[in-house]
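The values are calculated or read from the model by the stated rules, or taken from the named source; none is laboratory data. Predicted model only: the values in this text are computed from it and were never measured. FYI the Cβ positions are ideal-geometry reconstructions off the backbone, even for glycines, and counts take in every protein chain you see.
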Amino acid sequence: MGKSTSCPAGGLAEVTTLASLAELVVNTPGLYVRWSTGPETDRAERSTDYATGLELPGLAVNPLTPPTWWTLPVEVWVAAGNTEVCLRATRSRRAA
């Protein structure tokens, strides 16, 4: 497994490899990822639905746990999901 740093409850863990992220997902179902500059910024933000422009209750996240129909390795799901999150963040920064 790659390096993973644990933090106190409510803190953030640093995961540095795809393998360690996949292991975390397998051992901790129900995880989500959010592209963000950090918790301080998130406290002041709201998420907006891209299609309708409506403000969402809470912050937008993507699931890290693969759906039950997923038959490929967890690493593939995690890599694909994080690639999409990074692409959206890059587009958002360019639009700003």
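Side notes on the structure shown:
- Residue in the stretch 59-72 that is under 24 Å from Val15 (Cα atoms) and not in a loop (DSSP other than H, G, I, E, B) present: yes
- Identity of the residue in the stretch 38-79, surrounded by 12 or more Cβ atoms within 10 Å (Cβ to Cβ) and among the small types (Gly, Ala, Ser), that ends up modelled with the highest pLDDT: Ala79
- Selection count where residues are under 11 Å from Arg34 (Cβ atoms) and among the polar types (S, T, N, Q), scope the stretch 50-66: 1
- Residue in the stretch 27-37 that is nearest to the chain's Cα centre (by Cα), counting only those that are surrounded by 12 or more Cβ atoms within 10 Å (Cβ to Cβ) and part of a loop (DSSP other than H, G, I, E, B): Arg34
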